[in-house]
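This report refers to the structure that appears directly beneath it.
The values are calculated or read from the model by the stated rules, or taken from the named source; none is laboratory data. Note that this is a predicted model, so its numbers are computed, not measured. When we count neighbours, we look across all protein chains shown, and the Cβ atoms used for this are built from the backbone with ideal geometry, even at glycine.
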Amino acid sequence: MPHASVNGISLYYEEAGQGDAIVFAHEFSDDCRSFAGQVAHFAPRYRCVAYNARGFAPSEAPEALDAYSQERSVEDMAGLMRHLGIETAHVVGISMGSMTTLHFGLRHPEMARSLVICGNGPGDTARAKARFEAEIEEFIADIESRGWARVAEDYGLTDDRQAAP
């Protein structure tokens with residue numbers, strides 16, 4: 001399993017293809033495997049790198065809460081690219097990964113050839129933010145009461161997680 005030592009932690013990544021790079025950043029409820037279809041499609045023409053963010057096995061999961069932040073996510077992406085010798089990349093993110101992608105583009109524009117930002121958060125209104133925060137609190141309470149394994153099993157059965165027929 002390929003791992004890179006980045007910013008004091010070990011990040012797991014998968015790589016395929018050659019050429020200009022595409023770096024894929026996953027959403028909260030998934031990992032680098034969610035990009036398998038995109039990697040298969042683009043690998044004949046591009047160097048594709050998909051990685052698991054810190055806290056997503058088999059990447060390292062620091063226990064300290066301050067080990068997690070948007071800034072750390074951005075610097076993990078930049079550090080992984082440097083580790084792999086990638087000077088510039090097309091960067092693709094979905095949901096949680098889209099926030100990393102957006103902030104990566106703002107912080108390291110010289111490293112981003114393009115940004116693809118999908119499902120980028122709860123919106124900018126106070127009502128949308130409050131609704132999103134309430135959903136996250138409910139999700140955390142569910143994990144704490146039923147355990148992560150049971151919540152993850154049910155989460156995969158929701159309408160927005162099922163493939164269209």
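Remarks
- So LEU102, is it under 19 Å from ALA50 (Cβ atoms) and either hydroxyl-bearing (Ser, Thr, Tyr) or touching a helix residue (DSSP H, G or I) at 6+ places or on another chain (Cβ under 7 Å) (or both): no
- The range 131-154 residues that are under 19 Å from ASP31 (Cβ atoms), paired with ones that are surrounded by 12 or more Cβ atoms within 10 Å (Cβ to Cβ) and hydroxyl-bearing (Ser, Thr, Tyr) (beta carbon under 9 Å, 6 or more apart): PHE139/TYR155; ALA152/SER29
- Identity of the residue in the range 96-116, surrounded by fewer than 18 Cβ atoms within 10 Å (Cβ to Cβ) and among the aliphatic types (A, V, I, L, M), that ends up nearest to GLU75 (Cα to Cα): LEU106
- Restricting the range 64-95 to residues that are within 20 Å of ASP31 (Cβ to Cβ) and acidic (Asp, Glu), the residue that is surrounded by the fewest Cβ atoms within 10 Å (Cβ to Cβ): GLU75
- The set of residues in the range 39-54 being of a type outside the set (A, V, I, L, M) and surrounded by fewer than 16 Cβ atoms within 10 Å (Cβ to Cβ) consists of HIS41, PRO44, ARG45.
- Among the residues making up the range 41-63, those that are farther than 20 Å from ALA152 by Cα and without any contact (Cβ under 8 Å) to a residue 12 or more places away in the chain are HIS41, GLU63.
- Residue-level check: of (1) modelled with pLDDT of 95 or more; (2) outside any helix (DSSP H, G or I); (3) within 14 Å of the chain's Cα centre (by Cα), GLY121 misses just (1).
- Highlighted here would be strands (runs of 3 or more DSSP E) found entirely within the range 1-101 that include at least 2 residues which are hydroxyl-bearing (Ser, Thr, Tyr) and outside the structural domain of MET111 (by TED's automatic domain parsing), but there are none.
- In summary, ASP66 fulfils each of the numbered conditions (1) of a type in the set (D, E, K, R); (2) over 30 Å from ASP154 (Cβ atoms); (3) modelled with pLDDT of 95 or more with the single exception of condition (3).
- Total residues in the range 50-70 satisfying the condition of being more than 24 Å from ALA16 (Cβ to Cβ) and touching a Lys or Arg at 6+ places or on another chain (Cβ under 8 Å): the figure is 4.
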